[in-house]
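Visitor: Below you will find the structure I want to go over with you.
We did not get these values from a lab; they are worked out from the coordinates using the rules stated. These figures come from a predicted structure and were not determined experimentally. Counting neighbours? That spans all protein chains shown, and the Cβs are built from the backbone with ideal geometry, glycine included.
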Amino acid sequence: MSYGKVLILSEKFGVGHEMAAFAISKGIRKLSPQTEVKIINFFQQFQPYLSRMTVKLYLKALDITPEIWGYFYERERNKKKATVVKKMIQMGASFILREIIEREKPDMIVCTHPFPCCVASRLKRKGLSVPLVAVITDFDVHGFWINEGVDAYIIAHEFMMKSMMKFGVDPGKIYPTGIPIDPNFDTFHGKIAAKKMLGFKEDLPLVLMAGGGLGINGLDVSFVESLSHAPLQLAVICGKNQSLQRNLLALTHHNNLDNIKVYGFVENMCDFMEAADLIITKAGGLTLAEALARELPVVIYNPLPGQEERNAEFLLKNGAARRARNRDVLLKLAINLLQDEEKLLRIKNKEAQLKKLFSAKKAAAILLNLMEEKNDLMEMVVD
């Protein structure tokens, strides 16, 4: 195995990009402990203050007018030629990536967000010789991901290959390993053991509520209280939404609701998904990939326009999820599913057909092989 250095460029526009980066890093370290891995949030390096403000504005925009994001996502989605926005990012940020490369001296660049990917692509056209890999973190292909000079694409599922080939991507460069998720999802303890470990009762169904690492999914205290009256247990993952977490903790304390457990950001989502009987969530690519790996029935609520709508569309089309359009329907749907083992089993069977096991290790193996091929070629040139 190659013992070079892998530079992973990610972004904070949604926690999924970073989590995929961490998963790949873990996969590489398991297969090749001597290979160095460095993860960098690209725009944080570019302009830290501007990066923080941009993320805040992005989240505010999603909260107030998500349809605007959806409009721009769909407008740019199928464009084969570089758009004005892409060209501006490429030209405006090339200098900082060049500085990062000179400092880090990587043998491979991996991008889990399309922005650094398109910038690295420009540098490859200018002579950068290290392999460049794009890790697409949704069940959809957006034109921003497709760039000249990308040596390999890690994707969620084979069904995406047709769309990528329409963009002109060589199918030999496409690897449907699944979205890289924490390798801990490859280990199973059993539902009863997982419930015990997390402090939940074994004889009551457990509903997991998660809105992604940023804690956005349009659900509030009143909905959680309504659902808590059903014969079930609730694990609510608030992510970085501290306001929601405080309000839910106050609810459970003042009303003595001992069937609700409230958490902030958790690093053992694999345990929660193994313990749960149902998850209510948005449609973030990484969360859905994790749910598929655990064959955990999914109820999608309030997905963001754009990539999350596309993710939801994929699972719904394949029978691997259900969707609720409003809170009343969501409440009834969740309770009805928990009371119908046959429906839950049908969803699980569909998820079993779609899931990708060992995605992080498989992605890591592809990266290491590409890097080794590059090193072998360089040795031949030197000899």
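Visitor: Could you give each residue of the range 282-287 its phi-based ³J(HN,Hα) in whole Hz, using Karplus coefficients 6.51, -1.76, 1.60 with θ = phi - 60°, and x for Gly or Pro?
Guide: Rounded to whole hertz, the list is 6, 9, x, x, 5, 4.
Visitor: Compute the acute angle (0 to 90°) between the alpha-carbon long axis of helix 66-77 and the principal axis of greatest extent of the alpha-carbon atoms of the chain; round to the nearest 10°.
Guide: So the inclination is approximately 40 degrees.
Visitor: Another question about this same structure. Can you give me the relative contact order of the range 184-354 as a percent, contacts being Cα pairs under 8 Å and 6 or more apart?
Guide: 22 percent
Visitor: Please list the non-local residues whose amide H lies under 5 Å from the amide H of LYS240, H modeled 1.01 Å from N, same-chain partners needing a gap of 5 or more.
Guide: It is LEU214, GLY215, by chain and number.
Visitor: Name the residues whose placed amide hydrogens come within less than 5 Å of the amide hydrogen of MET209, ignoring near sequence neighbours (fewer than 5 apart) on the same chain.
Guide: Hits under the 5 Å cutoff: ALA235, VAL236, ILE237, ILE280.
Visitor: Expected output is a single nm value to one decimal: the length gained when fully extending between PHE188 and ASN349, i.e. 0.36 nm times separation in residues minus the C-alpha distance. What is it?
Guide: 56.2 nm
Visitor: I've got another one for you. Amide H of ARG323: which non-local residues (sequence gap of 5 or more, or other chain) have their own amide H closer than 5 Å, using H built in the peptide plane?
Guide: The list, which skips near neighbours in sequence, is ILE300.
Visitor: How far is helix 359-382 tilted, in degrees, relative to the longest principal axis of the Cα atoms in the chain, given as a value from 0 to 90 rounded to the nearest 10?
Guide: 10 degrees
Visitor: Explain nothing, just compute: Karplus ³J(HN,Hα) = 6.51 cos²θ - 1.76 cosθ + 1.60, θ = phi - 60°, for every residue of the range 224-236 in order, whole Hz, x for Gly and Pro.
Guide: 4, 5, 4, 5, 5, 6, 7, x, 7, 10, 10, 10, 9
Visitor: Sort by residue number and name the cysteines in the chain that have no neighbouring cysteine Cβ under 4.7 Å.
Guide: Result for the chain is CYS118, CYS238, CYS270, no neighbouring Cys Cβ within the cutoff.
Visitor: Quote to one decimal, in nm, the extra length available between ASN256 and VAL85 on full extension: 0.36 nm per residue of separation minus the C-alpha distance between them.
Guide: 56.4 nm
Visitor: Could you work out [θ]222 nm for the chain from helices alone, using -39500 (n - 2.57) per DSSP H run of at least four and dividing by all its residues? Round to the nearest 500 deg cm²/dmol.
Guide: On the way: 16 runs with 198 residues, N = 383.
The helix-only estimate for the chain comes to -16000 deg cm²/dmol at 222 nm.
Visitor: Right, next: Apply the Karplus parameterisation 6.51 cos²θ - 1.76 cosθ + 1.60, with θ equal to phi minus 60°, to every residue of the range 141-153 and state each ³J(HN,Hα) to the nearest whole Hz, in sequence, with x for glycine and proline.
Guide: Karplus-based 3J(HN,Hα) across the range 141-153 equals 10, 10, x, 5, 6, 8, 9, 5, x, 6, 8, 7, 10 Hz.
Visitor: Follow-up question, since we're still on this one. Taking 7 Å along the Cα-to-C-beta vector as the label spot, tell me the SER222-PHE265 distance in nanometres, rounded to one decimal.
Guide: 3.0 nm
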